[in-house]
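K.L.:
Let me begin by handing over the structure; questions about it come next.
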Amino acid sequence: MTDNTAQLNGGSLYIIRHGRTDWNDQKRLQGQTDIPLNDDGRRMAAAAAEEYAAIPFDICFCSPLQRARETADILLRGRGIPVEYDDRLKEMSFGVYEGIANSFEIPDCPVNRLFFHPETYLDPVEGGESVTDIIARTGSFLREKVYPLVESGRRVLIVGHGAMNMSIVCNVKQLPLEEFWSTGIENCKLVRLI
């Protein structure tokens, strides 16, 4: 699929990152640990619901982790937009480093390679995923679920996570691994990719 084909048919793809959590505020790696939104995150989602109320989404795909589910629920409340959950939209797994705070302050912390040199993060930490793992799983999701809808003119929203959303961007824009973090996505800020 090309971006031009999707745009000619009127389809579109939007992504948004969940609202803030206590672990975001504490600079802890969340990964697939199921952390809820905090009050600030709920306010962010409510503000996003108001800001993006005029965008007519046809369907929402969402990570099953509660911080994404709650964001989608607040964002789309009362709009009658179907929400489907898919495990391929979970955040990247950081394995044994999930829950660690301030990893950048830990000398030689191996998970930091992902953030500074993602192209070298091909053998992940114990129990975690590599950058190519997450790009592969979100790529299969896009091919199976999203691209056919966009090509048929549907407006698709994905509610997800920081690294997971970056892997969606890399797939859609066909970015090299070195540019994995080139498009930063703030919490509860909508980005149109197609």
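K.L.:
I'm trying to understand the selection: among the residues of region 1-50, which are modelled with pLDDT under 95 and of a type in the set (A, V, I, L, M)?
P.N.:
MET1, ALA6, LEU8
K.L.:
Applying the selection to region 95-116, what residues are under 27 Å from VAL172 (Cβ atoms), touching a residue at least 40 places away in the same chain (Cβ under 8 Å) and touching a helix residue (DSSP H, G or I) at 6+ places or on another chain (Cβ under 9 Å)?
P.N.:
Across region 95-116, the qualifying residues are VAL111, LEU114, PHE115.
K.L.:
Follow-up question, since we're still on this one. Output the qualifying pairs, or none if there are none: Cβ atoms under 7 angstrom, residues six or more apart or on different chains, first residue in region 177-194 and surrounded by 17 or more Cβ atoms within 10 Å (Cβ to Cβ), second residue assigned to a loop (DSSP other than H, G, I, E, B) and among the basic types (Lys, Arg).
P.N.:
ASN187/ARG20
K.L.:
Continuing with the same structure: From the list SER93, SER103, SER130, exactly one residue is surrounded by 16 or more Cβ atoms within 10 Å (Cβ to Cβ) and touching a strand residue (DSSP E or B) at 6+ places or on another chain (Cβ under 8 Å). Which is it?
P.N.:
Of the residues listed, the single one that is surrounded by 16 or more Cβ atoms within 10 Å (Cβ to Cβ) and touching a strand residue (DSSP E or B) at 6+ places or on another chain (Cβ under 8 Å) is SER93.
K.L.:
Looking only at region 110-127, count how many residues are crowded, with 16+ Cβ neighbours inside 10 Å and either in a loop (DSSP other than H, G, I, E, B) or within 14 Å of the chain's Cα centre (by Cα) (or both).
P.N.:
5
K.L.:
Based on what the data block shows, is ILE106 out of contact with any Ser or Thr (no Cβ under 6 Å at 6 or more places or on another chain), within 24 Å of LYS27 (Cβ to Cβ) and either of a type in the set (D, E, K, R) or at pLDDT below 95 (or both)?
P.N.:
The answer is yes for ILE106.
K.L.:
Take the conditions over 16 Å from SER167 (Cβ atoms), of a type in the set (A, V, I, L, M, F, W, C) and surrounded by 20 or more Cβ atoms within 10 Å (Cβ to Cβ) and apply them to VAL146. Does it pass?
P.N.:
Answer is no for this residue.
The values are calculated or read from the model by the stated rules, or taken from the named source; none is laboratory data. Fair warning: this is a prediction, and the values are worked out from it, not measured in the lab. Because the Cβ atoms are built from the backbone with ideal geometry, glycine has one as well, and the counts that use them run over all protein chains shown.
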